[in-house]
1. Among the numbered criteria (1) small (Gly, Ala, Ser); (2) modelled with pLDDT of 95 or more; (3) more than 32 Å from the chain's Cα centre (by Cα), which single criterion is violated by Gly31?
2. Scan the stretch 147-163 for residues that are at pLDDT 90 or above and in contact with a Pro (Cβ under 8 Å, 6 or more places away or on another chain) and jot them down.
3. Being modelled with pLDDT of 75 or more and under 29 Å from Gly73 (Cα atoms) narrows it down to one residue among Ala500, Ala443; which is it?
4. Identify, from the list Asp180, Asp166, the residue that is at pLDDT 95 or above and not assigned by TED's automatic domain parsing to the domain that holds Ala324.
5. I'd like the full set of residues that are modelled with pLDDT under 90 and either of a type outside the set (Lys, Arg) or not assigned by TED's automatic domain parsing to the domain that holds Asp318 (or both), limited to the stretch 487-497.
6. Examine the stretch 192-215 for a residue that is in contact with a Lys or Arg (Cβ under 8 Å, 6 or more places away or on another chain) and crowded, with 23+ Cβ neighbours inside 10 Å, and state whether such a residue exists.
7. Do you know which residues across the stretch 176-231 are of a type in the set (Lys, Arg) and without any contact (Cβ under 8 Å) to a residue 24 or more places away in the chain?
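The values are calculated or read from the model by the stated rules, or taken from the named source; none is laboratory data. Treat the numbers as computed from the prediction; the structure is a model and nothing was measured. Quick reminder, even Gly has a Cβ in these numbers, built from the backbone with ideal geometry, and neighbours come from all protein chains shown.
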Amino acid sequence: MRLVGEIGSRLTGWIVVAIVTGTVIAGLIVGAQRADNRPATLVITNGRVYTPDAPDATAQALAIRGNQIIRVGTDKQIAPLRGSRTQVIDAHGGTILPGFEDAHVQAAGDLIDSGGVDLSDAFTQALVAQRVRTFAADHPESPWILGHGWSQAILGDGSSWRPRLDALVPDRPVYLLNADGSAALVNSQALDLADISRETADPADGTIVRNPRTGLPTGLLLGTARLLVEAVRPATTSRADAIKALAARAHAAGITSVQILGVTPADLQAYAAARRAGRLTLRVSLALAAGPGFSEADATKDDRLRSDLGADPLLAADAVWLNAGSLPDGPAQAGFSPAELTRVATLMDRHSWQVLIQAESRGVTAAIDALQHAIQANPLPARGRRNRIDHRGPLDRSALAAMADADLLDAQQLEHTRLAARLFDWAALPRTGLAPDPWQMLADEGGRLVLGSGWPGAPLNPLVGLAAAVDADDPPADTDWPTWQTMRLRAAIDGYTRNAAYSSFDEQHQGTLEPGMLADVVILSRDIFSGTPAQLDDTTVQTTIFDGTVVYTRPSSTNTTEN
């Protein structure tokens, strides 16, 4: 009987504990629900929320508290979170997306303060000439005519630019930086001020392009030769002002995060200063430049820079950028040989840096080989690898397979691709399975496509990239290329959002619209999932929200109210 009594007593105790525990848990749940029903600071309603993993979902609205998304659902489900002080934005049926992340920006070094005339979408010599002439006429007070963003496609043989610029701007020096900062076009006055003549020797890693008949400089300066004019031209703006201007330009395009390639320690310090001063209104991931000859000592210095910066939700610098060009070496390229590219990539991978290689044409193969060697030579870094290749050249199926085997990210600049399409020589490509941009095929095979603009080489505008991605125009009739160089809209959006966030090791905090994610959001003027792809050309950014705060509203838009 004593045993029965003990069992009964214990059973009663267990029941009491269970009841108490259940009551506590229920109280916690109710408390959590009540806490979750506290008014949101900002609510977006009457839109179409992009949910990549649930394409048929009918989410219309989302709620933000502070700098986090707290709920996504229908207008009815979000309604309880609207309080007397909640800011309410009516999306008017437009698409609600995560804030875009531009994964390929080159606002570093000379480009951070390039200023002047924007040539990023001037893909003909006539258009470049028109822009320069108009800018000079509109700015008679400017002692120099400065510009940036021109494409190699406008060069021709390069021999006629000096007299052409002399005719366009006869009274002032002209300095026009190209899209990636590797070359400049100048007129006679700029050459004279820099004391560049027939007798001037080429600097190390640079070329003063000369007329083969006369030996006179043509006005095209490659590599470090452009620095001869950089030394005498005025800076257009301070780096702090340039960073502020970049953020404003990005917000107007719906961009809340950027990955900036090719930065120097001085660039890093400028961004860090903006962060300390509270003036950094973008999430910025920096990729430091490393060139041929980069040593173990150089890697250690970069390690210290990374360590000093620490963990920060707004600013990171843990990637390295290698400009492999097209290989073999040319005067406008960074000078990497395949062996040197492999050595530096392997070195930085060993130091646990994310390795980004810019490559074109044959350089893509060398880049894949270099990153495969790094994988074989080094242990896996603690946070894993997300090495990638940035390119705009064609890939064949073997290259795609090799990239997939090495788990390499494929980074493309679609804005540039679309704008340059009129100059693309389809007939010149050999018909051996190559395709100019096999984007959807890569996505279908499980590859992760990361998208960016290449600004200032192309407009800082993801909507242009989305239009390029889904543009179904066939190649010319006399070629036999398939049409699978296009991709589906959802895959393209992922390239500018969650895939880009994955590339910057930040997919746990941004890139999708889910509770707990950072409140970086863009609202477009229409539902881009209905209608035709051509309507993307008429779509605009209505509102950009960064870290829970509205940072851009289209001037004509009146969609914000208080409830």
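1. (2)
2. Going through the stretch 147-163, the residues at pLDDT 90 or above turn out to be 162-163.
Selection gives Arg162 alone.
3. Numbers: Ala443 fails: modelled with pLDDT of 75 or more.
Exactly one residue qualifies, and that residue is Ala500.
4. On the way: Asp180 fails: at pLDDT 95 or above.
Result: Asp166 is the single residue among Asp180, Asp166 that is at pLDDT 95 or above and not assigned by TED's automatic domain parsing to the domain that holds Ala324.
5. Residues of the stretch 487-497 that are modelled with pLDDT under 90, as a first pass: 487-492.
Those that are modelled with pLDDT under 90 and either of a type outside the set (Lys, Arg) or not assigned by TED's automatic domain parsing to the domain that holds Asp318 (or both): Met487, Leu489, Ala491, Ala492.
6. The answer is no, given that none of the residues of the stretch 192-215 is in contact with a Lys or Arg (Cβ under 8 Å, 6 or more places away or on another chain) and crowded, with 23+ Cβ neighbours inside 10 Å.
7. The first filter runs over the stretch 176-231 and keeps only residues of a type in the set (Lys, Arg), leaving 198, 210, 213, 226.
Correct list: Arg198, Arg210, Arg213.
Results for (1) of a type in the set (A, V, I, L, M, F, W, C); (2) at pLDDT below 95; (3) in contact with a Gly (Cβ under 7 Å, 6 or more places away or on another chain), shown as yes or no for each residue.
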position	(1), (2), (3)
Asp312	no, yes, no
Val320	yes, no, no
Gln354	no, no, no
Glu360	no, yes, yes
Leu371	yes, no, no
Ala377	yes, no, no
Ala382	yes, yes, no
His391	no, yes, no
Ala399	yes, yes, no
